[in-house]
Amino acid sequence: MTVLVALPAIVGAVLLLVGRRADRAAPTIALAASAGTLGLAVVAAVTRPSLTFPLFEGLPGGLAVDGLSAVLVVTVAAVTLAVLGFAAGDMPASSRFFGLMLLFAAAMLVTVTATDLAVLLVGWEIMGALSYALIGYRWRDAGGVRAATTAFLTTRAGDLGLYFAAGCALAGTGSFALDGLAAAPAPWRDLVAGGIVLAALGKSAQLPFSFWLSRAMAGPSAVSALLHSATMVAAGAYLVLRVQPLLAATGWAATLVAWAGALTALLLGFVALAQRDLKQLLAASTCAQLGFMVLAAGTAAVAGGVAHLAAHAAVKSLLFLGAGTWLTVLGTRDLAALRGAARRLPLVGVTFGVGALALAGVPPLSLWLTKDVILGATGSWPLAGVTLAATVLAAAYSAKALIAVWRGEARPGSASRSGRGGGIGPGVPFVALAAGAAGLGVVVVPPLNEVWARTVGAPAARPHVVELVGTGVLAVVVLGVGVLVARRPPKVRFAAFAVDWLFLERAVERGIVRPVLALARGLAWFDDHVVQRAVVGAAAFSRGAASGALAVEKPVDAAVQGLGEGARRLGALARYPQTGKVHTYFAQAVVGFLVLAVVLVLVR
Amino acid sequence: MGMSENPVDLLPELCVLGGVVVALLTGLFVPRGRQWLAVALGAAGAGAGLIAALVAAGRGDGMTFEAFLLDPVTHVTRVTVLGAALVVLALAAGPLRGHRRETEFTVLVLLAALGTILLGASADLLVLVAAYLLASIPAYVLAGFAKDARGTEAALKYYLMGALLGVLMLAGVTVLFGLGRGTSYATLSQNLAHAPPGAVTAGLVALLAGLLFKAGAVPAHHWVPDVTEGAPPVVAAFVTTVPKIGAFAALFRVATDVVPSSAPGPELFAVLAAATMTLGNLAAFAQTNVRRLLAYSTISQAGYLLVPVAVATRTDLAEPALLYYLAAYVVTNLGAFAVVLTTNTDTLTDYRALATRSPALAVSLAVLLLGLIGTPPTAVFVGKLLMFTAAIDAGYTWLAAVALANTVASVFYYLRWLTPVFTRPEDPPPPPRLHRPTILLTYTLATATLALGLLSGLTLLP
């Protein structure tokens, strides 16, 4: 258990500490550590270890791999390995990058194995800080750093909810334990749920926090592939899935989460469809797909939600890696400019195609199955309607991306650089992830669904055949329409509303950032004009008092000066008899002794 | 008090005398290059005298040849004078090595030291006069030793002052002889009590003229600055230090053994003490020549030394206070002059940034000057403390207050010397030409003041 977390953490920390001297060996070391972590994760998933250690007085902290954690641990480790494999070819060899990536993976592992809120917070916070470092990895690029700051501040704002939840959990149950939260007494239970939901929505880039993920696309593609598929954003979905009993217990929280997820899936689906930039499209689709998982947490479809999470992790990291490869090779991520990109790098093209089809929900690929489980659990008609619409949109934006890279002829000339994305070594992550993207859905198909449900520790669920056929046909139809539309591209002008991510960032800018800055300016004015004036006034008063004291001091000073002056005069007087002439000495000596004798004789 | 006429009682003095004679004879016959032999023989005589004096100090008190007292005052005088004389000879080794009249210098120093010991040990006015002459005349010659204009002028002033005050002293001796029907202190103390007090006071003041001249105290202090500045530095070190020892010992004896209770002895000495310390300090304020500054400093120290003399008959603390202060002062003052000899400059501004050129020397100077102020834990501090205690013990609180005020005032001019030493130089003067044995001697003296202060502080003070 300890080794699972410690291996990537220690190797990452060592790489960071050693710094540039380890640059050349960094990719190899990181890959080895990552492979070891995957092996340990598999072992942990089977053996289910747990660990308890003293954290606070009377409040032990714990790490444990249960069913839910086992899935997450293996998913995180596998995606990390795949992404690092890609990064070894795509990124310059840098111990800083690989060290940060490993540390990030370790933090994510802590988060998904924590059994209590305190330890979870530790992993959660380290993850947040490292996400800042990774998104802003190219720190010379001001845009990257600004994006990192936006991402960090936004998720931090949500994180406050987690602190709040931890405090309320301690007050309500006397412990941080995650599994005891649902049993908390009435007011505390609701407060804890509120805090956790806030934190999860922030981390998972759900409405209204979605915009940070758009900005985070400024980071390296490998970072996007890791952070925005299996980790970071998935942590929020994981958290709500983990505390699903708590959400259900409150009543309102489950509904809130379900609607937040469904609306995110719908609206961010529109946003994804409106994007002209491949990475932005993928980012928006990530938000939308995470919406399905959050929805699953709200509708108690935990088994489906976790399956969707794992499958989506494979799909989305695969798509980000493809986008990253084209960005590196072709220097663009603009959908129009990527015309025919898939034909030039066949391996990347085919695997990207598999991923996009899976994202679209085309049978028999993974997300088709997992999404239907979630859809089947929605319960109410309005929610089901919204979800169905979101499914259609998912097919639509996937089609957009797929068609964009496959349509048209490959432009000759630069295909030789396909070595970057092709070849045996760098190709392995693509193939592996494509396999996962295609096949991970089987876990919800009978009879595997029973095993899966037992593993995850949730009631078994399976897609209904009618729905499956329905959504499958729908996805294919949408895809077909997409191809047809693409033949003669219509002059569709998407609403700026959708293109610009629902104006969320602008809203935050106007609604939060500017008021806060205005308030800060106001407070600064208050500080300068009222507080400082008071301080200056106090100082002036002291100075006045001091000058009063000076009035006393002046005579003293004058007296001292006078004393000095007097001593100087006396000194001059004392030297006056020292004329250097012997006859005056004689006179002085004789007079001196005479006076002495006369005075003494007379006095006596 | 046992009487005897055993020459062995005078062994230290005889050793010194023998050293003088042998050195003189040797100096006559060895070539100029080997005069060090005569110096060594003379120094050996003084060294033997020092050892004999230390041995004699262990024996009981007494009087020998009816005029020579053997008591703690004599013992301390002998040891201090001979030790100081040896230090002066060592200090002279640098500047006078190979000098044409090297032997002469040694002989003069030893003869003056011998006269000083006699001055401090004598119990008879006639012996006192003889000792005065023996202590003075070699010193006059030493002042003009360099045979340069300033040295000659200094020697002449020194001699003329000494002659005048010596005549006054003889007059005083004559008056007291007439009044007391004898010259021995024992006779005088018996008979002067019945003599007219006015006449006794007048005779006493006249007698003091010579002793105050040797001590460099007001109103016979005029020679001190001129000689200290004009004579060679090593001679200045000698004449401001060694004769004082004998003079204060003699003054102490006069105050305790001669002055009858009818005469205003304590008042006389107290006034002289206050006047001397104040005048010395005031005149030292504006000095720019370190030797002149040290000269006035020695005058003020003479004032402090007169305090135990003033209270000599009133408290038992007076004797240890005087003797301890004397020894401490001698070591410290010789050390200060050693610094002047080492740096070979008199100008105050030349000491700028001495600390960067020779840190150890600067620290030594600081220790010695702080010692002259009377800062703990130096030797003079203990001496001053004893002196204050004695004054207060004897009811002379006003004198202690004057001494304290003067001590505070003296800080000013000692620091005037010390401050430039530790300033950062903008253009450091060239490193001084340093004579290695002299430097070592300086360090030794500075260390000695500290060691003496610490050791006596541990033993003397509660």
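What the table shows:
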| item | result |
| --- | --- |
| Ranked order, B:Leu128, B:Leu386 - accessible area, probe 1.4 Å, largest first | B:Leu386, B:Leu128 |
| Test item: Cα-centred dipole of chain A, Lys/Arg +1 and Asp/Glu -1 on Cβ, debye | 2020 debye |
| In degrees, nearest ten, helix A:2-18 long axis to first principal axis of chain A (Cα) | 50 degrees |
| Cut-off 10 Å between beta-carbons: net charge of the residues surrounding A:Ala323, Lys and Arg +1, Asp and Glu -1 | +1 |
| Charge tally in the Cβ shell below 14 Å around B:Leu207, where Lys, Arg are +1 and Asp, Glu are -1, B:Leu207 excluded | 0 |
| Chain-alone versus full-assembly comparison, segment B:269-290, residues with accessible loss of at least 20 Å² (1.4 Å probe) | B:Leu279, B:Leu282, B:Ala283, B:Phe285, B:Ala286 |
| Kirkwood-type radius of the protein assembly as shown, with distances r between different C-alpha atoms, in Å | 37.6 Å |
| Rounded accessible area per residue of segment A:302-499, 1.4 Å, Å² | 42 Å² |
| Average projected area [Cα convex hull, segment A:302-499], square nanometres | 12.4 nm² |
| Surface accessible to a 1.4 Å probe, A:Trp212 within the full protein complex, Å² | 0 Å² |
| Segment A:1-70: C-alpha gyration tensor shape, a/c 1.5 cut-off, then a/b vs b/c | oblate |
| Rounded accessible area of A:Met1 (nearest 10 Å², 1.4 Å probe) | 40 Å² |
| In degrees, nearest ten, helix A:278-298 long axis to first principal axis of chain A (Cα) | 80 degrees |
| Partner chain coverage, peptide B:215-228 - average Cβ within 10 angstrom | 4 |
| Two-site label geometry, B:Leu458 and B:Asp350: point separation in nm, points 7 Å out along Cα→Cβ | 3.9 nm |
| Pairwise burial A:B, computed as accessible area of each alone minus the pair, summed, 1.4 Å, Å² | 2300 Å² |
| On Cα atoms only, tilt of A:381-406 relative to the major axis of chain A in degrees | 90 degrees |
| Exercise: per-residue mean of other protein chain Cβ atoms within 10 Å, A:112-118 | 0 |
| Shape of segment A:1-185, Cα gyration tensor, a/c cut at 1.5 | oblate |
| Cα-Cα P(r), segment A:565-604, percent of pairs per 10 Å interval | 27, 33, 33, 7 |
| Local electrostatic count, B:Leu370, Cβ distance below 14 Å [Lys/Arg +1, Asp/Glu -1] | +2 |
| Most to least packed among A:589-598, B:69-78, B:99-108 [average Cβ atoms within 10 Å] | B:69-78, B:99-108, A:589-598 |
| Sequence-distant aspartates and glutamates (8 or more away, or on other chains) whose Cα lies within less than 20 Å of B:Lys244 | B:Glu13, B:Asp71, B:Asp124, B:Asp226, B:Glu229, B:Asp257, B:Glu319 |
| Occluded residues from segment A:586-604, i.e. those whose accessible area drops by 10 Å² or more once the chain is not alone (1.4 Å probe) | A:Phe586, A:Gln588, A:Ala589, A:Val590, A:Gly592, A:Phe593, A:Leu596, A:Ala597, A:Leu600, A:Val601, A:Arg604 |
| Rounded accessible area per residue of segment B:317-462, 1.4 Å, Å² | 41 Å² |
| Dipole axis of the protein assembly as shown (+1 Lys, Arg; -1 Asp, Glu on Cβ), positive-most option in A:Val478, B:Thr419, A:Leu523 | A:Val478 |
| With at most 16 other Cβ atoms within 10 Å, longest stretch of chain A clear of loop GluC sites (Glu not before Pro) (DSSP) | A:58-408 |
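The values are calculated or read from the model by the stated rules, or taken from the named source; none is laboratory data. As the structure is a computational prediction, the values presented were derived from the model and not from experiment. Positions of Cβ are generated from backbone atoms using ideal geometry, with glycine treated the same way; all protein chains shown enter the neighbour counts. These area figures cover heavy atoms from the full protein model, side chains too; ligands, DNA and RNA do not enter into them. Shrake-Rupley method; radii C 1.70, N 1.55, O 1.52, S 1.80 Å.
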